[in-house]
Amino acid sequence: MLGAVAYGAEGQAPRWPVWDGQESVEQYAKRVNLPTTKTLDLGNDVNLEHVLIPAGKIVMGTAEPESPWRGGAVLGSGCLVVAVLVAWVIRRAVRQHRRPQFSLRWLIAVVLIVGVAQYGGFRCWRAVQASRNFFWDESPAHAVTLTKAIYIGGCEVTQEQYEQVMGANPSQIKGARLPVERVCWDDAQEFCNKVREKTGLTVRLPTEAEWEFACRAGTTTTYYSGDAEADLGRAAWYSANSKNTTHPVGQKEPNAFGLHDMHGNVEEWCRNWHGVYMPEAEVDPQGPPEGDFGVLRGGDWGDDPEACRSAVRLSYSPGARDDEVGFRVVVEVEARKR
């Protein structure tokens, strides 16, 4: 089962300097006197590589898109008015036994009304497109402050790493450098516990706030690589390019923090229960204290583009095992005062 965790306390002062989104991770690391990477020795020349993620701020989630009915209503009203005007002119011409004629004033009015109708159609189309990149549990978008710098896996945990720690490989699609899959939340948690015992470090799954901040790496686009599907293709293995299988980690374009495979390949367990977003700003949110479903992030090799977005969150039974589900881990660093 997922452990009970408390909500983050609002108003807490950051314990690390907040990343401004302008300086590089290397500059931030130098400023806070931390290495940019951390390597955990798992034995037998198998290592777990992590990269530094600064403390920072993020607008988490997706703003609810405008209803397409608004633009549709403008479009429909404009078309109706134009149709009525044209019908009136034709009816008048029939009665007077002459050709239909529009004065300049009428033509200007019709052109303006058509322009308004076109604007309504554009708004309707834009709303429909936005709704494709929106799931109900991503809203409302809200401000989040993360007060702690952490290290997070540069890639998803591989089968080689998992087997070295756990002594078994549950994956359906075998390969040492492939991400481990068919792991439930308890399996991922046990992996973290064993690495913690071996290294003496605090090793855990990321909260979904930490995951989204790490994924976005200062971006506000649909994917950390951009907004278009072609941008996703540079960063992810997903339905259009995966050939229905996982791929070795670290082959796709990383984000600005140096993280690979945050989109696609396998979905990743987070630490907290799935809950409803609140509009209020949060500090170090941990999710609700209890629930029935865990959280998966990032999309997988079989997902369409909209399911691989930075903001997507999936509720999933913590006991489920699936060949599309894996994880990456966080190593905590000692908190300090500003």
Is it fair to say residue 264 is surrounded by fewer than 24 Cβ atoms within 10 Å (Cβ to Cβ) and touching a residue at least 12 places away in the same chain (Cβ under 8 Å)?
no
For residue 183, are the conditions met, namely being surrounded by 15 or more Cβ atoms within 10 Å (Cβ to Cβ), in contact (Cβ under 8 Å) with a residue 12 or more places away in the chain and out of contact with any Cys (no Cβ under 9 Å at 6 or more places or on another chain)?
yes
Number of the condition not met by residue 227 [criteria: (1) out of contact with any Phe, Trp or Tyr (no Cβ under 7 Å at 6 or more places or on another chain); (2) at pLDDT 95 or above; (3) within 30 Å of residue 285 (Cα to Cα)]:
(2)
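In the stretch 148-169, which residues are of a type outside the set (Asp, Glu), touching a residue at least 60 places away in the same chain (Cβ under 8 Å) and either crowded, with 22+ Cβ neighbours inside 10 Å or part of a helix (DSSP H, G or I) (or both)? Can you show your working first?
Of the residues in the stretch 148-169, the ones of a type outside the set (Asp, Glu) are 148-155, 157-159, 161-162, 164-169.
If we keep only those that are touching a residue at least 60 places away in the same chain (Cβ under 8 Å) too, we end up with 148-155, 157-158, 161, 164-165.
Of everything in the stretch 148-169, those that are of a type outside the set (Asp, Glu), touching a residue at least 60 places away in the same chain (Cβ under 8 Å) and either crowded, with 22+ Cβ neighbours inside 10 Å or part of a helix (DSSP H, G or I) (or both) turn out to be 149, 150, 151, 152, 153, 155, 157, 158, 161, 164, 165.
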Residue in the stretch 299-310 that is nearest to residue 248 (Cα to Cα), counting only those that are small (Gly, Ala, Ser) and in contact with a Lys or Arg (Cβ under 9 Å, 6 or more places away or on another chain)
299
Identify, by number, the condition in (1) polar (S, T, N, Q); (2) crowded, with 21+ Cβ neighbours inside 10 Å; (3) in a loop (DSSP other than H, G, I, E, B) that residue 145 doesn't meet.
(3)
Examine the stretch 225-238 for a residue that is surrounded by 15 or more Cβ atoms within 10 Å (Cβ to Cβ), touching a residue at least 60 places away in the same chain (Cβ under 8 Å), among the polar types (S, T, N, Q) and under 24 Å from residue 310 (Cβ atoms), and state whether such a residue exists.
no
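The values are calculated or read from the model by the stated rules, or taken from the named source; none is laboratory data. Remember, it's a predicted structure, so these values are computed and weren't measured experimentally. Neighbour counts are summed over all protein chains in view; Cβ atoms, including those assigned to glycine, are modelled from backbone coordinates with ideal geometry.
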